[in-house]
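K.L.:
Below you will find the structure I want to go over with you.
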Amino acid sequence: MPEFKKLHIIVIAVCCIALFWVADVYVDAKFFGEGGVGQQFFHPTAQELWYRSAFAVALLVFTAFVCVVISQRDRLDRQLTSALEAAASEKSKSEAIIAAIGDGISIQDTGFRVLYQNEVHRQMAGGNFIGEQCFSAFGRGTSPCEGCPVVAAFNDGGIHTLVKQTPPGSATTHIEIIASPLRDASGNIVAGIEVVRDISSHMQSEANLARKAADLEALNRELESFAHSVSHDLRKPLTVIYTAAHYLRENSVAAEADPASYFINTICDASQRMEELIESLQMLANISHRQINHARLNLSELASVITADLGLINPERHVSCHITPGLTAYGDCGLIRILLENLLGNAWKYTANEPAASITFGECETIRGKAFFVQDNGAGFDMAFADNLFKLFSRLHDSKQFSGTGIGLATVKRVVERHGGQVWGEGKVGEGATFYFILPEGKG
């Protein structure tokens with residue numbers, strides 16, 4: 001309470017005491033003849049002094065009580081004002097948040113009467129229906145709508161969702177209704193909160209995405225069928241060309257320096273490369289749609305067999321192969337063999353110019369998890385072009401220096417993806433390369 005109000009009450013109390021004292025002096029002197037006014041005022045009897053003092057003390061006590069009561073009232077007024085201001089601030093924040101969300105929100109009591117609607121809900125529902133039952137106001141029915149999430153929320157106290165298609169001619173095509181119960185301090189359900197969200201654009205996007213996915217799937221099937229047909233149809237004329245060129249080369253009497261001999265050799269070499277390319281394309285197409293039969297595989301044994309085969313094919317090469325024993329993984333034996341054949345074959349190929357060639361197959365911890373790796377000390381590659389490593393027909397080296405179809409690493413990636421894993425490569429020009437792959441434990 002302000003100080004001037006306290007002072008005002010005290011002054012009034014003192015004035016009342018003084019007036020009472022003077023009035024009592026006058027009455028005693030005038031009507032009871034107990035001496036004159038001066039005697040009563042300055043020399044009262046002990047009894048009169050006691051009465052006047054008792055009244056003054058009582059009045060002072062009452063004044064103090066009034067001051068305390070008023071002070072308490074002012075304190076409560078300030079607390080109430082502060083609480084009202086805080087409530088108004090929270091209400092303003094809540095309304096701003098609700099408006100920013102953009103969803104229609106309504107509150108319904110257990111009798112399904114609408115207690116509250118925000119502006120968005122009024123626009124969606126087509127009017128203000130506070131006090132009306134929701135099913136008669138929104139659905140024009142006589143009972144709650146079938147599958148109503150508010151009914152479900154009242155029944156089990158949970159949060160329920162319903163996606164509903166709106167009637168033709170509505171501004172929206174689909175809405176999502178989310179309902180949750182509103183409880184009192186005792187935990188009893190007293191109302192339900194209903195959130196209505198316009199998901200028309202979301203449903204349209206999903207439909208477009210599904211349509212594009214179907215179109216893409218159909219296109220992929222057509223491309224695979226086309227690739228298979230082309231590779232199959234090309235094989236026969238290619239065989240004829242290669243056979244004829246090979247016959248001419250074997251039976252030609254022309255000198256090796258003769259242009260005809262050069263062109264015949266070129267045709268034979270190109271035919272052989274095309275045969276390898278067709279086989280690689282067929283393998284890639286088969287990997288994409290073949291059924292995967294998962295089993296526990298010993299990768300160390302597979303790698304040992306593959307490197308031994310490479311040594312038999314190139315007996316003039318002396319390559320130091322280091323294979324960590326006991327490495328196992330879960331996957332399709334045929335596909336994993338193709339994966340290792342490509343990675344180890346690349347390592348073998350790109351170490352051809354190294355006098356002390358070395359290839360390592362092992363397992364290590366990476367930032368992506370535990371991974372297998374194939375490492376070599378060969379030609380390596382520039383990491384600036386690492387994004388092109390696994391692209392179809394992408395080559396980072398001159399085909400005259402290192403032969404190949406440009407499909408091997410794309411095949412590796414396809415195999416790993418079919419298993420639900422990851423594959424990546426690291427390298428440095430002239431210092432070798434390391435390719436990592438992760439195969440999940442279990443079916444990919």
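K.L.:
Does A218 satisfy the condition of being modelled with pLDDT of 70 or more and under 30 Å from I101 (Cβ atoms)?
P.N.:
So A218 fails the test.
K.L.:
Continuing with this model, one more query. For the condition at pLDDT 80 or above and farther than 30 Å from Q422 by Cβ, what is the one hit in E316, E250?
P.N.:
E316
K.L.:
When segment 93-122 is examined, which residues are found to be surrounded by 10 or more Cβ atoms within 10 Å (Cβ to Cβ) and of a type in the set (A, V, I, L, M)?
P.N.:
Those that are surrounded by 10 or more Cβ atoms within 10 Å (Cβ to Cβ) and of a type in the set (A, V, I, L, M): A96, I98, A99, I101, I105, I107, V114, L115, V120.
K.L.:
Could you pull out the residue among K391, K413 that is under 31 Å from the mean Cα position of the chain (by Cα) and either surrounded by fewer than 17 Cβ atoms within 10 Å (Cβ to Cβ) or modelled with pLDDT under 85 (or both)?
P.N.:
K391
K.L.:
Could I ask something else about it? Could you say whether any residue in segment 148-169 is under 22 Å from G102 (Cβ atoms), assigned to a loop (DSSP other than H, G, I, E, B) and at pLDDT 80 or above?
P.N.:
yes
K.L.:
What are the pairs, 6+ residues apart or on separate chains, where a residue within segment 137-157 that is crowded, with 18+ Cβ neighbours inside 10 Å has its Cβ under 8 Å from a residue that is in a helix (DSSP H, G or I) and of a type in the set (A, V, I, L, M, F, W, C)?
P.N.:
These pairs meet every condition: A137/A125; F138/A125; C148/F135; V150/C134.
K.L.:
Same structure again: Just one of the numbered conditions (1) surrounded by 14 or more Cβ atoms within 10 Å (Cβ to Cβ); (2) farther than 15 Å from R197 by Cβ; (3) among the acidic types (D, E) is not true of E90; which one?
P.N.:
All conditions are met except number (1).
K.L.:
Continuing with the same structure: Restricting the search to segment 309-337, which residues are among the charged types (D, E, K, R), surrounded by fewer than 15 Cβ atoms within 10 Å (Cβ to Cβ) and under 23 Å from L297 (Cβ atoms)?
P.N.:
Correct list: D309 only.
K.L.:
Give segment 173-189 a look and list any residue that's surrounded by 14 or more Cβ atoms within 10 Å (Cβ to Cβ) and either in a strand (DSSP E or B) or not β-branched (V, I, T) (or both), or say none.
P.N.:
Once the filter is applied, which keeps residues that are surrounded by 14 or more Cβ atoms within 10 Å (Cβ to Cβ) and either in a strand (DSSP E or B) or not β-branched (V, I, T) (or both), segment 173-189 yields H174, I175, E176, I177, I178, A179, S180, P181, L182, I189.
The values are calculated or read from the model by the stated rules, or taken from the named source; none is laboratory data. These numbers were taken from a predicted model, which means no experiment stands behind them. Cβ sites come from the backbone with ideal geometry, for glycine too, and all protein chains shown count toward neighbours.
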